[in-house]
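Step one of this worksheet: look at the structure below.
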Amino acid sequence: MDLKEAISFKLPDIFPSENKFREGIRRAPNRGLNLNQNEIVTAMKNALRYIPDHLHDEIIPEFLEELITTGRIYGYRYRPGEELSGRPVDSYKGKTIEGKAFQVMIDNNLDFKVALYPYELVTYGESGQVFQNWMQYCLVKKYLEEMREDQTLIIYSGHPLGLFPTSINAPRVISTNGMLVGEYDNLEGFVKAAALGVSNYGQMTAGGWMYIGPQGIVHGTYITLLNAGRLYLGIPDDKDLSGVVFVSSGLGGMSGAQPKAVEIAGGIGVIAEVDRSRIETRHEQGWVSKVSGDPGEIVGWINEYRESGKPVSIAFHGNIVDMLEYFAANKIKIELLSDQTSCHDAYGGGYTPAGYTFEQGRKLLTEDPDKFRKEVDRSLLKHFKVITDLTEQGTYFWDYGNSFLKAVFDAGLKEVAIDPSDPSAGFVFPSYVEHIMGPMCFDYGYGPFRWVCLSGEKEDLKKTDAAAMSQIDPERRGMDRDNYQWIRDAEKNALVVGTQARILYADAGGRVDIALKFNEMVRSGEIGPVMIGRDHHDVSGTDSPYRETSNIKDGSNITADMAVQNFAGDAVRGMSMVVLSNGGGVGIGKAFNGGFGLVLDGSELKDKIIRSAMEWDVMNGVARRAWARNDNALETAEEWNKNNQGKGHLTIPFLADEKKLEALVAERLK
Ligand SMILES: NC(=O)c1ccc[n+]([C@@H]2O[C@H](COP(=O)([O-])OP(=O)(O)OC[C@H]3O[C@@H](n4cnc5c(N)ncnc54)[C@H](O)[C@@H]3O)[C@@H](O)[C@H]2O)c1
C-alpha cells in the first residue's frame, strides 16, 4: 500500500526557506543530549514522520545537528519567517470560529513580546512549550483551518493525532501534555521521552494555549499580598498596604509581577534580583520604579515612602541573602517577606548562591556543577537563617510555591519540615496556597478567570472590563471588593502584553454571570467574539500537594482525581477546548493540571454551555474542598445546595469532634 496516498494533511512538498535567528531574543539553554545511538536514530525517525520523504536527505543533517547541539529537534526551519503575534481573529483561515480563535491563542503564546524562548516554542516557566517542534505547529494550523464543527482535533503532547468525527456539542480540541505511566512519571523518564519527541512539558497555560502574558500573575500576586496583609497584620478589608513593606526576590517570568502587584496594592515593594538584564526589562516596562545596589540607599527610600504612605517598587541589584542580612543586622522593620528565586530548579541555575554575581554563578554552574550545588546548599542555609532572624524581629514569611523550603530541606536542614522524615506533611512556614490562596480564594471558588477579545480591538477590552465590573458587588466580601478595584483600575495599570486580554478573579456565580453578559454583547454586535478560560492554577484545575492542594488536609492531596474529573467534566459539557497536563509549576510527576477555553460567538448554544460547564468547572473543586472539611468550602457548598435544590447536590461531610477523637485515640494507643 502506498502510505502517501492516505495522507491529506501534511507539510508542504517544498522546503520553507531557512530562517535567521534575530539578535536579542532570549534562547533556551542547551538541555544536553541524553540519548544513546539507537535512541538518536529513533528520535530522528520520529521527527522525519512529519516531513515528506523526498525531503529527508536534505533535512537529516539539520535535524541531527539540532539534536546533538540542543538535545531536542525543534525543526527551526519550519518556524514561519514572520514575527508571530495573536492577530485579529478574522485574519485567520478556518471553517469554524473556534479553529480561528485557537490560532490567535497559539500565535500569542509564541509572540516575541510574550514568550520566554520563542524559537524553542517555550512560553514561560523555563520549559513550558506550546508544541514540541515547529512541524507540529504547522500541522496543527492546517487542521485548525480545515476543522468543521462536527469534528474534534486530538492532540497528544503537541502532536495532532487526527481530526475525528464528533458533534457540535463536543469540544473542538482535546489535548493532553506530558502524560506518563507511573513507573516513568519522573524527570528522568520525561527528559528521555521529550528528547525522543514523544512528550511535551506544557506547564499550565503554555500547552493549554491560554497564557495571556504577565498580567495573569500580577492579579494573583496582588490578591496574595493584600490577603497576607489582612491575615498576618490585621489590615481591615477596606484598607490597602499603604506604609507596609514587602520584601522578596526575583524579577523573572512570574516573580517580575511582584513589584507591579505591590504598587497596585498600595505598599512598598523591595525585590532583590541578581541578573541586571531582568531588572532592566522590568524597569523599562515601568513595573519597577527605583533601582539600587546599595541596601543603605534602599532603607532611605523605605523610610521616605513609609512616611508619605505612597506606593513604590524598588529593585535591589544583588543577592537576596546579602540584602536580608543587612536588614536583619540593622533591625530594619519588614512586615512581609517571601522569596521567588527558581528553587524548583535550584541546582540547575534557578538559585544564584550568595557570594557570586549572576555571571560568576553561571560560570561555576558550567565549569563545576558539583561545586555549584554545594554553594547553593550553603547559601540556602544562610538564607533560611536570616529569614528566621527576621521573623524573630516580627516579620511574617511565607513560601511562594517556588519550593524554597523544600530546597532548604534538600540542602540538609531536615528540621524545616514539620515531620523531618516526611516533607509532604508541610514545613515550619506556610506556603501561599496553604494560608492565603487556598482558604481565602479557592475554597470559596474564586480563581483566575480570564478572557481575550478576539477582534484585537482595545475598545472591546474596555467594554468587557466595564461589563465585568457591572457584575461584581463590591460590598459582598473583601475578595469582591479587591476584584472590583482590580478591574476598575485595570486599563489605567496598562497590563496588556500581546493580545487584548484580561484576568479577573471571580467565583462560580461571578464567572457564569460575566460570561453570559459577554456572550450577550457578542450576540448584539456590541463586541467581537471572545475567548474565555482560566489559569490552570485554580480551584479545581490542579492537584499539586505542595501548591494548589496544599490546604487539603484529609490525606487526599497526593491524589489527582480532581484534575482528571475536571477535565472530563469540561469535555462532556462542551467547552471549546480542554487540556490535561502533567507537572506545571512544580515539575513532572508532582502535579496534574487542566484547563479549558470557550469561544463566545453569541449563540444560544454557548449560553447553555456557560451555564453547565462554567459552574461545574469551579464547583467540583469546591465540593472536593468541602469534603476535605475546609471551612470556607463547606460554607460555599452549603449555599450552593440551598440554591440548587432539585437541580443538583454536593455531598457534605459529617464532622467529627476532633478533640474528643484525638483523646480517644491517644487513650486506646497508650
Ligand atoms: N508568582 C507566582 O504566582 C508563583 C506561583 C507559584 C510558583 N512560583 C514560583 O516562583 C519561582 C520564580 O518563577 P519565575 O517564572 O519568576 O522564574 P525565573 O527563573 O524567571 O525568575 C527567578 C529570578 O530569581 C533570580 N534569582 C535567583 N537567585 C537569586 C538570588 N539568590 N538573589 C536574587 N535573585 C535571584 C533569577 O536571576 C531570576 O531572574 C518559580 O519557582 C515558580 O514556580 C511563582
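The values are calculated or read from the model by the stated rules, or taken from the named source; none is laboratory data. Just so we're clear, the structure is a prediction, and the values are computed from it rather than from any experiment. All Cβ positions, glycine included, derive from the backbone under ideal geometry; neighbour counts span all protein chains shown. Note: accessible area is taken over every heavy atom of the protein model, side chains too, but ligands, DNA and RNA are not part of it. Shrake-Rupley method; radii C 1.70, N 1.55, O 1.52, S 1.80 Å.
Structural remarks
- Largest to smallest principal axis extent of the C-alpha atoms in segment 217-343, angstrom: 37, 32, 27
- Model label zone, Leu233; criterion: amide N under 17 Å from point 7 Å along Cα-to-beta-carbon; scope segment 308-347: 308-314, 332-339
- For segment 244-315, the spread of Cα positions along each principal axis, largest first, Å: 31, 25, 19
- Potential extension, Lys670-Thr42 segment - 0.36 nm per residue separation minus Cα distance: 220.0 nm
- Rg(Cα) / (2.2 N^0.38 Å) computed for segment 454-495, rounded to two decimals: 1.23
- Per-residue ³J(HN,Hα) for segment 172-180, Karplus 6.51 cos²θ - 1.76 cosθ + 1.60, θ = phi - 60°, Hz, x for Gly and Pro: 7, 9, 10, 10, 10, 9, x, 5, 10
- Volume per residue of the convex hull around the Cα atoms, evaluated for segment 20-72, comes out as 95 Å³.
- Shape analysis of segment 32-134 based on the Cα gyration tensor places the equivalent ellipsoid semi-axes at 28, 17, 11 Å, largest first.
- Relative to the 2.2 N^0.38 Å rule of thumb, segment 148-237 has a C-alpha radius of gyration ratio of 1.61.
- R0 of 30 Å, Cβ-Cβ distance Lys553-Ser612: FRET efficiency to nearest 0.05: 0.45
- Extension gain, Lys10-Arg477: 0.36 nm per intervening residue step, less the Cα-Cα distance, totals 162.8 nm.
- Between amide H atoms placed 1.01 Å from N, distances below 5 Å from Gln151 occur with Thr166, all of them 5 or more places distant or on a separate chain.
- Filter on Lys260/Lys310; Lys95/Lys608; Lys93/Lys517; Lys20/Lys100 - keep pairs with C-alpha separation over 18 Å: Lys95/Lys608; Lys93/Lys517; Lys20/Lys100
- Accessible area per residue for segment 438-534 is 33 Å², calculated with a 1.4 Å probe on protein heavy atoms, without ligands, DNA or RNA.
- Net charge contributed by nearby residues that have their C-beta within less than 12 Å of Asn186 (K/R +1, D/E -1): -1
- Descending semi-axes in whole angstrom, ellipsoid equivalent of segment 52-107, from the Cα gyration tensor: 31, 14, 9
- At the listed q of 0.16 Å⁻¹, the Debye profile of segment 348-433, built from one uniform point per Cα, gives log10 I(q)/I(0) equal to -0.67.
- Expressed as a fraction of 2.2 N^0.38 Å, the value expected for a compact globular protein of N residues, the C-alpha radius of gyration of segment 567-637 is 1.29.
- At a probe radius of 1.4 angstrom, the accessible area of segment 377-421 per residue rounds to 41 square angstrom.
- With K and R counted +1 and D and E -1, the other residues having a Cβ less than 14 Å from that of Asp370 yield a net charge of 0.
- Distance from segment 454-521 to segment 307-334 (C-alpha centre basis), Å: 34
- Ranked by how many other beta carbons lie within 10 Å on average, peptides 253-262, 18-27, 490-499, 140-149 from highest: 253-262, 140-149, 490-499, 18-27
- Estimated dipole of segment 479-554 in Debye, rounded to 20 [Cβ of Lys and Arg +1, of Asp and Glu -1, Cα centre]: 180
- Highest-first packing order for the peptide set 451-463, 579-591 is 579-591, 451-463, based on the mean count of other beta carbon atoms within 10 Å.
- Cβ-placed point charges (K, R +1; D, E -1), dipole of the chain about Cα centre in debye, nearest 20: 300
- Each of Phe164 and Ser524 was given a label point 7 Å from its Cα along the Cα-to-Cβ line. The distance between the two points is 4.0 nm.
- Cα centroid separation - segment 147-210 against segment 235-252, whole Å: 39
- Of the residues Ile552, Asn319, Asn186, the one whose Cα sits farthest toward the positive end of the charge dipole of the chain, with +1 on the Cβ of Lys and Arg and -1 on the Cβ of Asp and Glu, is Ile552.
- For the listed peptides 647-658, 527-538, 547-558, a ranking on the average number of other beta carbons within 10 Å per residue, highest first, reads 527-538, 547-558, 647-658.
- Entries of Lys382/Lys414; Lys239/Lys333; Lys406/Lys590; Lys113/Lys406; Lys331/Lys382 with Cα pairs more than 22 Å apart: Lys113/Lys406
- Fraction of the pair-distance distribution of the chain above 44 Å, Cα-Cα pairs, percent: 20
- Carbon plus sulfur fraction of accessible area for the chain, probe 1.4 Å, in percent: 52
- Whole-number accessible area per residue in Å² for segment 251-352, which is evaluated in the context of all protein chains at 1.4 Å: 36
- Shape descriptor for segment 549-670: Rg over Rh equals 1.08 (Cα atoms; Rh from the Kirkwood inverse mean 1/r).
- What the phi angles of segment 598-610 give under the Karplus curve with 6.51, -1.76 and 1.60, with θ = phi - 60°, is a coupling list of 10, 8, 8, 10, x, 7, 5, 4, 5, 4, 4, 5, 4 Hz, glycine and proline written as x.
- Taking Lys and Arg as +1 and Asp and Glu as -1, the other residues whose beta-carbon sits under 14 Å from that of Thr636 total -1.
- Estimated inter-spin distance, Asp53 and Lys95, nm [label 7 Å along Cα→Cβ]: 2.9
- Based on DSSP H segments of at least four residues, each scored -39500 (n - 2.57), the chain has a per-residue ellipticity at 222 nm of -12500 deg cm²/dmol.
- Computed from the Cα positions only, the extents of segment 479-613 along the three principal axes stand at 48, 35, 27 Å, in decreasing order.
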